[in-house]
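Read-outs: derived from the displayed coordinates by stated rules, not from any lab. Here the structure is a predicted model, which means the values were calculated and not measured. Cβ: placed from backbone, ideal geometry, glycine included. Neighbour counts: every protein chain shown.
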Amino acid sequence: MRPTLLLATTLVALPAAPLAAQVATVDEGSFTITRGGETLGREEFSIRRTPGGDGGAVYVASATVALTDRRLSPALRADAGGSPLAYQVEVRIGSEVQERLTGQVGRGRFSAQTKTPRGESTKEYVVSDGALILDDDVFHQYFFVAQRGRTGSVPVVIPRRNTQVTMSVEDRGADEVTVGGRALQAHHLVLREPGGAARDIWVDGQNRVLKVALAAGNMVAVRDDPPR
């Protein structure tokens with residue numbers, strides 16, 4: 001009779017869950033954009049929080065903004081405070097790319113490369129610590145303004161203008177916004193650019209954007225459905 005072999009059982013530690021499993025959706029949805037009461041387009045967006053290489057969080061915010069005359073595709077990577085690490089945006093009219101901007105932030109400078117049908121250019125300029133990105137005609141990015149704070153001032157990079165400005169934030173207090181036929185409790189903020197018109201922003205208790213009104217309400221983006 002052959003002897004029985006007893007096999008030792010070794011417990012092997014399971015690998016950590018993949019990073020994809022640690023991705024958290026901060027917000028996602030869509031806005032209907034109007035100008036003077038007439039529908040101008042729609043923005044579909046998502047904001048996700050992912051683990052960063054240094055153990056901190058990184059936000060990944062992207063959108064498709066379809067307007068009557070053009071289509072924008074912005075994509076932002078930002079640190080835990082909302083300050084940009086990298087940004088790119090493509091602007092199309094029909095099937096043609098009219099502008100493609102790719103930017104990186106490092107050592108206190110924003111380095112942007114822009115390609116258009118006329119050629120290619122590079123621009124580099126100083127950005128302040130804690131600067132945020134607010135691109136023209138993109139609305140979900142106002143989340144980062146509310147996330148930063150409801151009063152004071154904030155440096156803002158406007159990428160396609162190749163400039164940084166300091167905007168003031170004013171707290172107008174509690175308000176109500178109708179979203180998808182429902183009245184939602186909101187907080188009303190006013191963002192002012194030096195020499196420019198006010199930008200009214202309404203957010204919920206988690207700083208998710210419900211409504212944005214620009215140019216004294218001439219251009220308005222309202223969320224299609226309440227945040228989930």
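Of the peptides 26-34, 112-120, the order by per-residue mean of other Cβ atoms within 10 Å, starting with the highest, comes out as 26-34, 112-120.
Taking a ≥ b ≥ c as the square roots of the eigenvalues of the alpha carbon gyration tensor, region 168-212 is prolate, as a/c is not under 1.5 and a/b beats b/c.
Near R71, within a Cβ-to-Cβ distance under 12 Å, what is the net charge of the other residues, with Lys and Arg +1 and Asp and Glu -1? Every neighbour counted, the sum reads -4. Here the simple spin-label model places points 7 Å from the Cα toward Cβ, and for D175 and V97 these points are separated by 3.8 nm. From the alpha carbon centroid of region 115-172 to that of region 31-107 is 12 Å.
Sorted largest first, the spans of the alpha carbon positions of the chain along the three principal axes are 94, 48, 38 Å. Building the convex hull from the alpha-carbon atoms of region 98-228 and averaging its projection over directions returns 9.1 nm². Each pair of Cα atoms in region 109-162 enters the Kirkwood radius, and Stokes-Einstein at 20 °C and 1.002 mPa s then converts it into a translational diffusion coefficient of 169 µm²/s. A simple charge model with +1 on the Cβ of Lys and Arg, -1 on the Cβ of Asp and Glu and nothing else charged puts the dipole of region 27-125 at about 240 debye relative to its Cα centre.
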